[in-house]
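Remarks on the structure that follows.
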Amino acid sequence: MGGIKRLIFLSLLVSIGLGLSVIESMMPVSFVAPGAKLGLSNIVILITLVIFGFKDALTVGILKSIVLTLITGGVISFIYSLSGYIVSCILMYFIYRNFSNIFSLIGVSIFGALGHNFAQVLVASLMMKNFRIFSYLPLLLLTGLFTGYFVGLASMYISRNLQKTFNNIFYTKG
């Protein structure tokens, strides 16, 4: 894929992820579990991982987290978000690369959601020096199963169609 076209599309993915994060922050999901979110921006990350690879997915997620922090001013949220994201991205890449014959993108996404939740609870317990926070983890993991399923399902359909589109756009002369 051409350098400038690739850079433009990755920039668009950062913007879409940022927009989904802002929209998601306005949705009242915390009635399920305080602090729980749908993870809509993870659709963008999973699609980036599938189409562009690990390094680009990591870059898109980190840039999205940084810009979101600049917009919202939530530095503590940035620490939770970034730690959860990095663990999630590494775990999704590992599962996708080594076990894609066993797990679909839905399974990859569920692993990412569970890793994200675990990392955030670990960081929270270390920051607060209170390991009782881990008692909250089972509820978050259960929520992560459902949100991971939705994110994986959406990513599966979107990435399948985007791959066809990219083959037409980026691999034709013009």
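Values as computed for the structure displayed
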{"quantity": "Computed over the stretch 3-170, Cα set: Rg, Dmax in Å", "calculated": "15.6, 53"}
{"quantity": "Ranking of Phe99, Phe54 by count of other Cβ atoms within 10 Å, fewest first", "calculated": "Phe99, Phe54"}
{"quantity": "Scaled radius of gyration (Cα, divided by 2.2 N^0.38 Å) that the stretch 39-133 gives", "calculated": "1.10"}
{"quantity": "Within the chain, helix-based [θ] at 222 nm, where runs of 4 or more DSSP H residues each add -39,500 (n - 2.57), nearest 500", "calculated": "-27500 deg cm²/dmol"}
{"quantity": "Highest-fluctuation residue, Arg160, Arg97, Arg132 considered, GNM on the chain with Cα pairs under 10 Å", "calculated": "Arg132"}
{"quantity": "Alpha-carbon centroid distance for the pair the stretch 113-127 / the stretch 37-69, whole angstrom", "calculated": "18 Å"}
{"quantity": "Sorted peptide list for 40-53, 116-129, criterion being average Cβ within 10 angstrom, highest first", "calculated": "40-53, 116-129"}
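Readers should treat all values here as calculations from the given coordinates under stated rules, not as data from a laboratory. As the structure is a computational prediction, the values presented were derived from the model and not from experiment. In this analysis, Cβ positions are derived from the backbone assuming ideal geometry, glycine residues included, and neighbour counts consider all displayed protein chains.
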